[in-house]
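The values are calculated or read from the model by the stated rules, or taken from the named source; none is laboratory data. Just so we're clear, the structure is a prediction, and the values are computed from it rather than from any experiment. No Cβ is skipped: glycine too gets one built from the backbone with ideal geometry, and neighbour counts run over all protein chains shown. The accessibility values were calculated without ligands, DNA or RNA, using every heavy atom of the protein model including side chains. Shrake-Rupley method; radii C 1.70, N 1.55, O 1.52, S 1.80 Å.
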Amino acid sequence: MEEDYYCPLLNKVIELGLCMDINYEREKIANFNILTELRINKEEADHCCTKCPHHPFNK
């Protein structure tokens, strides 16, 4: 079962999978072009995601 979280970067509830995609791309682990698709620059994502209480890499 997929977990849903409020995403401060996108200002809406998203599935964990989308959060993972954003963070994999942000950390340069994979390139899904999700940041481009969402029209978010890496610096903005870095600023928001590193402070997020649901950051998937902090678990």
Scan of the range 48-59 for residues that are open to solvent by 100 Å² or more (accessible area, probe 1.4 Å) and not in a loop (DSSP other than H, G, I, E, B), ordered by number: N58
Subset of the range 1-47 that is hydrophobic (A, V, I, L, M, F, W, C) and open to solvent by 40 Å² or more (accessible area, probe 1.4 Å) - its residue that is modelled with the lowest pLDDT: M1
Where a residue in the range 27-42 is farther than 16 Å from L10 by Cβ and without any contact (Cβ under 8 Å) to a residue 24 or more places away in the chain and its partner, wherever it lies, is surrounded by 11 or more Cβ atoms within 10 Å (Cβ to Cβ) and of a type outside the set (D, E), with Cβ under 6 Å and at least six apart: A30/Y24
